[in-house]
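The values are calculated or read from the model by the stated rules, or taken from the named source; none is laboratory data. Only a predicted model underlies this, so the values are computations on that prediction, with no experimental measurement involved. Neighbour counts run over all protein chains shown; Cβ positions are idealised from the backbone, glycine included. Areas reflect the complete protein model, heavy atoms only, side chains present, ligands, DNA and RNA absent. Shrake-Rupley method; radii C 1.70, N 1.55, O 1.52, S 1.80 Å.
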Amino acid sequence: MDDTSNSVQLAPVAETPPVPAAGKRGQGVQRARTVALALIVPVCLMVIWDVMVRWTGTRLVPSPYGVAVMMWDFAFGGIYDDAYSASLPIHFWKSVQRVYGGFLCAAAIGIPLGLMIGRMPLLRKLLDPTLSLLRPIPVTAWLPLSMIFFGLGPRAAIFLVFLGAFFPILLNTVFGVRSVDIRLFEAAEMLGCSGAQQFRSVVLPAALPSIFNGLRLGAGFAWILIVVGEMTGVPEGLGAVIMDGRTLSRTDLVITGMIIIGITGFLSDRILLMLSNYFLRWSPQHHA
């Protein structure tokens, strides 16, 4: 009996070539070197801080160890057992809500408006003078009006964060749209691409690097302004903790709030950078 059915030749399955161990080791060494280089300056600053506190004998500024103890108590309690012990989760969550509430509102308004201003000369002539007039006004100057408009509480804080994040996002989006090479439009029109399709295929991809730059700047300003925003009478939040620390002359509490805001802002920026690298993976020169 012919056993042809049993002699079916299977095509060889293509296998992904394994990454050489030497390559993995090289990547690990490169990442460790990057982390080590990034830690040099913070460690040096902490050493200088500790030496200066010991040398001057000041009691106004705590040592790094004193701040570390305060951070532990703020996060887990069990040391000072005061109103701030183990209160980090609630303060952190309140600030995150206000920062990202204002930031997302700024992105939701700033990006579409910037795209339209960049593409429509009439709208640009209509809005640019007013926006240029409003942009230099410090956010702190809006503090009294924000409390009148929104009352004491979180809505005034969100409004101030929105103001701080709005202009970097808007201006970078406008810049990105206006920087699109005119030859791209000409090539798109030659290929029959126009209107909304041209906007999706040409304008938006070409403006994405500037839009992400604006988002990163806006997120940074949002965290900067949370302290100002939480001067509007809110009882909870990292900015409110810093203001309480200033009132009570507790610089360890002030520095603890500053460090937590700095770390959270850094992580937010890393997340935006990862999103930027993902959406701009077609553009190697924009990877960071």
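Computed from point charges on the beta carbon alone (+1 for Lys and Arg, -1 for Asp and Glu), the dipole magnitude for segment 156-248 about its Cα centre is near 140 Debye. The charge dipole of the chain, taken about its Cα centre with unit charges on the Cβ of Lys, Arg, Asp and Glu (plus for the first two, minus for the last two), comes to roughly 760 debye. Applying the Karplus relation 6.51 cos²θ - 1.76 cosθ + 1.60 with θ = phi - 60° to segment 48-63 yields 3J(HN,Hα) values of 4, 4, 5, 5, 5, 5, 5, 5, 7, x, 5, 9, 7, 10, x, 6 Hz, where x marks Gly and Pro. Whole-Hz Karplus values for segment 208-215 come out as 4, x, 5, 4, 5, 4, x, 5 Hz, taken residue by residue from phi with 6.51 cos²θ - 1.76 cosθ + 1.60 and θ = phi - 60°; glycine and proline positions read x.
For the chain, modelled as a GNM whose springs connect Cα atoms under 10 angstrom apart, the maximal fluctuation among Q198, Q30, Q97 occurs at Q30. Distance from the Cα centroid of segment 189-252 to that of segment 66-102 is 23 Å (rounded to whole angstrom). Helix 121-134: angle to the longest alpha-carbon principal axis of the chain, degrees 0 to 90, nearest 10? Helix 121-134 sits at roughly 20 degrees to that axis.
Shown in residue order for segment 161-170 are the 3J(HN,Hα) couplings computed by the Karplus curve 6.51 cos²θ - 1.76 cosθ + 1.60 at θ = phi - 60°: 5, 4, 4, x, 8, 5, 5, x, 5, 4 Hz (x for Gly and Pro). Extending 7 Å from Cα along the Cβ direction at L204 and again at F185 yields two label points whose distance is 1.9 nm. Accessible surface comparison of T56, T251, probe 1.4 Å, protein chains only, largest first: the order is T56, T251.
Based solely on its DSSP helices, what 222 nm [θ] is calculated for the chain when runs of n ≥ 4 H residues each add -39,500 (n - 2.57) and the sum is averaged over all residues, nearest 500 deg cm²/dmol?
-24000 deg cm²/dmol
Within the accessible area of the chain, the carbon and sulfur atoms contribute 69%, probe 1.4 Å, all protein chains present. A simple spin-label model places pseudo-atoms 7 Å from Cα toward Cβ; at D269 and C105 they are separated by 2.5 nm. The candidates R31, R119, arranged from most to least accessible area with a 1.4 Å probe in the full protein assembly, appear as R31, R119. For segment 195-288, the solvent-accessible area works out to 49 Å² per residue, with a probe of 1.4 Å and every protein chain left in place.
When the solvent-accessible surface of protein heavy atoms is calculated with a 1.4 angstrom probe, in what order do E189, E230 fall, highest first?
Working: E189 115, E230 5 Å².
The ordering from most to least exposed comes out as E189, E230.
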